[in-house]
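The values are calculated or read from the model by the stated rules, or taken from the named source; none is laboratory data. Quick caveat, the model's predicted, so the values are computed rather than measured. Here the Cβ positions follow ideal geometry from the backbone for every residue, glycine too, while neighbour counts run over all protein chains shown.
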Amino acid sequence: MEKLYEKLYPKTLNEIDTKIYNKCEQLNWVEPKHFMKGSSNYIYESFLPDLSSYLFLITKEKSIRKKLMNLNAIFECINNLGKFSGKNKFGIDEEMQILNYVLIKSKPKNMYTNLEFLELFIGNKKDDIEGHNLATLKIACEYIADLSESQLNAVK
């Protein structure tokens, strides 16, 4: 796969990757309250390092299978955050809010390019949980690329 990876992986980065990284640098000061509507007593400190490492591994790994495993681990970790906080399962809105916060704090490089690369090889898993997770993370990346401070909660 490594030999194929070098030939198939895009040589130039998607412009959205640059936008995402610059936006993450600009909004590095955000806190969970800026994304979460209402009260949220989630304990992010213990989950943020794991989520950040899974995001990093998606960009680092060359194997499609390992990239998908890390993608699934991100969403498992988010669900574990909900369980740990006493909530059975997050809805898509809460999941996206947490994912947006984690993306900004993680400052991933080349994430969007990697997600597009994964889309090429997802195959029959497109309609499974992997396809859902891939689409969700891609939407979160697009949201971060176009995010402005006025869209955040509790910003004065």
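Could you go through region 45-60 and let me know if any residue there is in contact (Cβ under 8 Å) with a residue 24 or more places away in the chain, hydrophobic (A, V, I, L, M, F, W, C), closer than 19 Å to Phe121 by Cα and surrounded by 17 or more Cβ atoms within 10 Å (Cβ to Cβ).
Yes - at least one qualifying residue is present in region 45-60.
Considering only region 16-31, how many residues are in a helix (DSSP H, G or I) and among the acidic types (Asp, Glu)?
Here is the first cut: in region 16-31, the residues in a helix (DSSP H, G or I) are 16-26.
Still in the list and also among the acidic types (Asp, Glu): 17, 25.
Final tally of qualifying residues: 2.
Could you please find all residues in region 140-156 being in a loop (DSSP other than H, G, I, E, B) and polar (S, T, N, Q)?
Matches in region 140-156: Ser148, Asn153.
Is it the case, given these coordinates, that Ile92 is crowded, with 20+ Cβ neighbours inside 10 Å and either closer than 14 Å to Ile43 by Cα or within 15 Å of the chain's Cα centre (by Cα) (or both)?
Working: crowded, with 20+ Cβ neighbours inside 10 Å: no; either closer than 14 Å to Ile43 by Cα or within 15 Å of the chain's Cα centre (by Cα) (or both): yes.
For Ile92, the condition - crowded, with 20+ Cβ neighbours inside 10 Å and either closer than 14 Å to Ile43 by Cα or within 15 Å of the chain's Cα centre (by Cα) (or both) - is not met.
Suppose we filter Leu103, Leu115, Leu81 for residues that are over 16 Å from Ile20 (Cα atoms) and of a type outside the set (D, E, K, R); which single one remains? Explain how you work it out, then say what you get.
On the way: Leu103 fails: over 16 Å from Ile20 (Cα atoms); Leu115 fails: over 16 Å from Ile20 (Cα atoms).
From the options Leu103, Leu115, Leu81, the qualifying one is Leu81.
So in region 14-31, with the set limited to residues that are more than 15 Å from the chain's Cα centre (by Cα) and surrounded by 15 or more Cβ atoms within 10 Å (Cβ to Cβ), which one is modelled with the lowest pLDDT?
Out of the qualifying residues, it is Asn14.
Select from region 32-49 the residues that are over 17 Å from Met96 (Cα atoms) and modelled with pLDDT of 85 or more and list them in ascending order.
Applying the first criterion (over 17 Å from Met96 (Cα atoms)) to region 32-49 yields 45-46, 49.
Across region 32-49, the qualifying residue is only Pro49.
If Ser63 satisfies all but one of (1) at pLDDT 80 or above; (2) under 22 Å from Ser150 (Cα atoms); (3) among the hydroxyl-bearing types (Ser, Thr, Tyr); (4) surrounded by fewer than 20 Cβ atoms within 10 Å (Cβ to Cβ), what's the number of the condition it fails?
(2)
Find all pairs meeting these conditions: Cβ atoms under 8 angstrom apart; at least six residues apart or on different chains; first residue within region 64-77 and over 22 Å from Leu4 (Cβ atoms); second residue among the hydroxyl-bearing types (Ser, Thr, Tyr).
So the pair list comes out as Ala73/Tyr54; Ile74/Tyr54; Phe75/Thr136; Cys77/Tyr54.
List pairs: first in region 106-135 and among the β-branched types (Val, Ile, Thr), second not in a helix (DSSP H, G or I), Cβ under 7 Å, 6+ apart or cross-chain?
Within 7 Å, the pairs are Thr113/Pro10; Thr113/Leu13; Thr113/Asn14.
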